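Encoded as structure tokens, the structure appears first; notes follow it.
The numbers here are math on the coordinates, done by the rules we state, and not lab data. Please read all numbers here as calculations on a predicted model, not as lab measurements. With ideal geometry, Cβ positions are generated from the backbone for all residues, glycine too; neighbour counts draw on all protein chains shown.
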Amino acid sequence: MAKDVIVACDFNSAAETFTFLDRFTEEKPFVKIGMELYYAEGPEIVRQIKARGHKIFLDLKLHDIPNTVEKAMRVLSALDVDLVNVHAAGTRRMMEAALKGLTRPDGSRPLLLAVTQLTSTDEETMQRELLIGEGLEETVLSYAANAAAAGLDGVVCSPLEAGKVHTRCGAGFLTVTPGVRFADGEVGDQKRVTTPARARELGSDYIVVGRPITQAADPTAAYRRCVKEFLG
């Protein structure tokens, strides 16, 4: 898959989502469906957006015992999304189970990513509340290496770690990076952030951008600006 901007459609209803997507008359943005929208509308929202011709990153961050994750992935695989994810903290065995469940009888499957550490987490919080003694960067890289060893296609990480993930896991190991804001924008609840242009320089394969586009006065103009800055 080529580099791209993924728009986080973090809406709480199909109506809001389609009102937003209807503004795009020339493009078919790659969209992320997260927990808020999926839990509000269920799998039908995925089918409807897919029918409109959009690529979809289904961002549900599964994290459970291996057997449960395998069965859940078998269900999600039938939705024909393009990207789906789990938490790397679920262990290599869980990630392997996820991959097994996601793979269809004909061998095809969506790409599978592992979330390393959320971009709302900083090193102090990780060590104080999660009791992870290693530094944030090494934790991310270790989780990424576990995901690669489990056969996954890439990780969700901060743009600040993307290049180092490629160094550790290979150039073809995907980095999908939230925590992207325009230089003149607000960072919100994100702590490890950068701009679209800087994310490209740091090695991000995909950037996930939500509020700077979805809450912009002109979302299509914001999307085009983001694409131009990221893809050059």
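Observations, loosely collected:
- Selected from MET94, MET126, MET73 as most flexible by GNM, with the chain as the system and alpha-carbon contacts under 10 Å: MET126
- Normalised contact order of the chain, rounded percent, pairs of Cα under 8 Å and 6 or more residues apart: 19 percent
- Dividing the convex hull volume of the alpha carbon atoms of the range 4-231 by its residue count gives 123 Å³ per residue.
- Couplings 3J(HN,Hα) of the range 154-171, computed from phi: x, 9, 9, 8, 6, x, 5, 10, 4, x, 6, 5, 4, 4, 6, 10, x, 5 Hz, in residue order, whole Hz [Karplus 6.51 cos²θ - 1.76 cosθ + 1.60, θ = phi - 60°; x for Gly and Pro].
- Here the range 10-49 is scanned for amide nitrogen atoms under 16 Å from the site 7 Å beyond the Cα of THR220 along Cα-to-Cβ, giving 18-30.
- Model label points for ARG109 and ARG198, set 7 angstrom from Cα along the Cα-to-Cβ axis, are 3.5 nm apart.
- Since only THR121, PHE57, LEU111 are under comparison, the one whose Cα sits farthest along the positive direction of the charge dipole of the range 4-231, derived from C-beta charges on Lys, Arg, Asp and Glu, is LEU111.
- Shown for the range 39-133 is the translational diffusion coefficient from the Stokes-Einstein equation, using the Kirkwood radius over Cα pairs, a temperature of 10 °C and a viscosity of 1.306 mPa s: 110 µm²/s.
- Of every Cα-Cα pair in the range 151-232, the percent that sits beyond 15 Å: 53 percent
- Residue-count net charge about LEU130 - beta-carbon cut-off 12 Å; Lys, Arg +1, Asp, Glu -1: -4
- Taken over the alpha carbons of the range 78-205 as equal point scatterers, the Debye sum produces base-10 log I(q)/I(0) values at 0.10, 0.17 Å⁻¹ of -0.32, -0.88.
- Given charges at beta-carbon only (K, R positive; D, E negative), |dipole| of the chain in Debye: 580 debye
- Checking every one of the trypsin sites (Lys or Arg not before Pro) in the range 33-79 against DSSP loop status and a limit of 14 other Cβ atoms within 10 Å picks out ARG52.
- Efficiency of FRET between ASP80 and GLU124 - r from beta-carbon atoms, R0 35 angstrom, step 0.05: 0.30
- Loop-located GluC sites (Glu not before Pro) in the range 11-104 whose Cβ has at most 16 other Cβ within 10 Å (DSSP): GLU26, GLU27
- The distance separating the Cα centre of the range 202-222 from that of the range 40-94 comes to 22 Å.
- Dipole of the chain, positive end: most advanced residue of TYR223, ALA2, LEU37 [Cβ charges, Cα centre]: ALA2
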